[in-house]
Amino acid sequence: MSAPVPTNDPALVTLTAAAGYAVAVPVGTPMMWDALVITSGGTMLAAMSASAFNQIVERENDSRMTRTSRRPLVTGKITPQ
């Protein structure tokens, strides 16, 4: 079995949301680019905050796994305060 490929999850979530937004625009209707940018920005911020919160919550589990044991929160290089 191969190792998992690291991904940039917030970017993928944002790309998916932007694609869904673009596909939902009815044919013949002009694209509202400002709304797309605002929606994408909000989606990116929400995904990034969820990722940061997850790393705070999962510190104990991350310390037990080889792949995540060197993360800054696990090693104490930074604190969640």
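Before moving on, here are some points about what is shown:
- For P80: the one exception among (1) in contact with a Leu (Cβ under 7 Å, 6 or more places away or on another chain); (2) in a helix (DSSP H, G or I): (2)
- Of residues in region 31-69 being farther than 15 Å from V13 by Cα and of a type in the set (S, T, Y), the one most open to solvent (accessible area, probe 1.4 Å): T66
- For region 15-30, the set of residues classified as in a helix (DSSP H, G or I) and open to solvent by less than 70 Å² (accessible area, probe 1.4 Å) consists of A17, A18, A19, G20, Y21, A22, listed by residue number.
- Test result for A52, among the small types (G, A, S), in a helix (DSSP H, G or I) and modelled with pLDDT of 90 or more: no
- Some residue of region 37-56 being of a type outside the set (V, I, T) and more than 15 Å from the chain's Cα centre (by Cα): no
The values are calculated or read from the model by the stated rules, or taken from the named source; none is laboratory data. Note that the coordinates shown come from a computational prediction; the quantities given were computed from them, not determined experimentally. Virtual Cβ from ideal backbone geometry, glycine too; neighbours counted across all protein chains shown. Heavy atoms of the whole protein, side chains included, go into the accessibility calculation; ligands, DNA and RNA do not. Shrake-Rupley method; radii C 1.70, N 1.55, O 1.52, S 1.80 Å.
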